[in-house]
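See structure below.
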Amino acid sequence: MEKARAHVIIKGRVQGVFFRSSTQDEAIRLGLTGWVKNCPDGSVEAVFEGDKKVIEEIIKWCHKGPPWARVNEVKVSWEPYQGEFVRFSVVY
């Protein structure tokens, strides 16, 4: 099991559509740690840590998101695993 960390920016209609809470639910379900937040430019930013294959799963999920979201772009930067989180949370 390869541990990894991904920094993800999701663009499109992703605020006001429960994107953060849905991402948190999905990350917890998958056993990932990290955070998700809204950005001033209307995008959503997230950091996921855990098993690389599982992170790839949530990135796939981010391409569609919750039912009311319309995702135009997902940017992913892979980073070295740091193990700094104990849970997955929404950051305000």
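The values are calculated or read from the model by the stated rules, or taken from the named source; none is laboratory data. In this text the structure is predicted, and so the values were computed from the model without any measurement. FYI the Cβ positions are ideal-geometry reconstructions off the backbone, even for glycines, and counts take in every protein chain you see. In case anyone asks, the SASA skips ligands and DNA or RNA and just uses the protein heavy atoms, side chains included. Shrake-Rupley method; radii C 1.70, N 1.55, O 1.52, S 1.80 Å.
A few notes on this one:
- Here each label is just a point 7 Å from Cα along the line to Cβ, and for LYS11 and ASP41 those points are 0.6 nm apart.
- Added length on full extension, which subtracts the Cα-Cα distance from 0.36 nm per residue, TYR92 to ILE59: 9.8 nm
- Which labelled figure in (1) 22, 18, 11; (2) 27, 16, 11; (3) 20, 13, 12 is semi-axes √(5λ) of the Cα gyration tensor in Å, once derived from the coordinates: (3)
- Carbon/sulfur fraction of accessible area - the chain, other protein chains in place, 1.4 Å, %: 50 percent
- Karplus-derived 3J(HN,Hα) values for region 16-29, using 6.51 cos²θ - 1.76 cosθ + 1.60 with θ = phi - 60°, are x, 10, 6, 5, 4, 5, 5, 5, 4, 4, 5, 5, 5, 4 Hz; glycine and proline are entered as x.
- Placed amide H near TYR81: partners under 5 Å, 5+ positions off or other chain: ARG5
- Most fluctuating residue given options GLY50, GLY12, GLY65, as computed from a GNM of the chain linking Cα atoms under 10 Å: GLY12
- Probe 1.4 Å, protein heavy atoms only - accessible area per residue of region 3-85 in square angstrom: 53 Å²
- Relative contact order for the chain, counting Cα pairs under 8 Å that sit 6 or more residues apart, in percent: 46 percent
- Helix 52-62 and the longest principal axis of the Cα set of the chain meet at an angle near 0°.
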